[in-house]
Amino acid sequence: MSPGSDSRQEVSEVQKRIVWARSAGRCAACQKLLTEGSLTRRDMMVGELAHIVGQKNSAGSPRGLSNMTNEERNSADNLILLCAREHRESDRRVVVDLMDVDKLREMKRRHEEWVETVTGLSPEMSTVVVRMIVKDGRVGRPTAMTS
C-alpha cells in the first residue's frame, strides 16, 4: 500500500509478538501485567496494541495524518502495548494533543529500556538493601546496590 492510503491492514503475528516480548507483557504506561484477567486471574491476553502514528492516514485516526506506509504503521516500532484503559484514554480526541506521537514514542522507549535493564541482569547478580545512619541517629534513605 502507498503512503496516504486510508485502508486498514492487520498487524502481522510476528510484529505483535515482537511488541509483547519487548514490553515483557506489561502496559507501557502503568506497567500492569497484561497476561491474566484482573477479575478471574485466569491466563489471558488482556493487553492491546496501540498505534503511535494512527493505523489509517486520516483525521479520524488518532495521530493518523502522516506519510508513513501501512507497513511502517503496522511495524513493532510504531506499536505500543497498553492496557485497555490506557489505550482508550490515549486515543480520546480530548487528549490527543497531550498523547502525541513524541510522547507515546518516549513512553515506549522508556518502558522497553526499563524491561531490558530489569531482564538483562544475570542470575549471578544480587540486590542488597543498604541502610545508612547519619550522626544524629536518623535512618537515611535505603538504596539498592547490585553485586
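You will find that of V128, V118, V134, the residue that is more than 28 Å from T35 (Cβ to Cβ) and either modelled with pLDDT of 75 or more or of a type in the set (K, R) (or both) is V128 and no other. Restricting attention to region 37-63, the residues that are of a type in the set (D, E, K, R) and surrounded by fewer than 14 Cβ atoms within 10 Å (Cβ to Cβ) total 3. Here Q31 passes the criteria (1) under 20 Å from E116 (Cα atoms); (2) surrounded by fewer than 19 Cβ atoms within 10 Å (Cβ to Cβ); (3) in contact with a Leu (Cβ under 9 Å, 6 or more places away or on another chain) except the one numbered (3). Of all residues in region 57-114, those satisfying the criterion of being farther than 24 Å from E13 by Cα and touching a helix residue (DSSP H, G or I) at 6+ places or on another chain (Cβ under 7 Å) are V95, M99.
The values are calculated or read from the model by the stated rules, or taken from the named source; none is laboratory data. Please read these numbers as outputs of a predicted model, since none were measured by experiment. Virtual Cβ from ideal backbone geometry, glycine too; neighbours counted across all protein chains shown.
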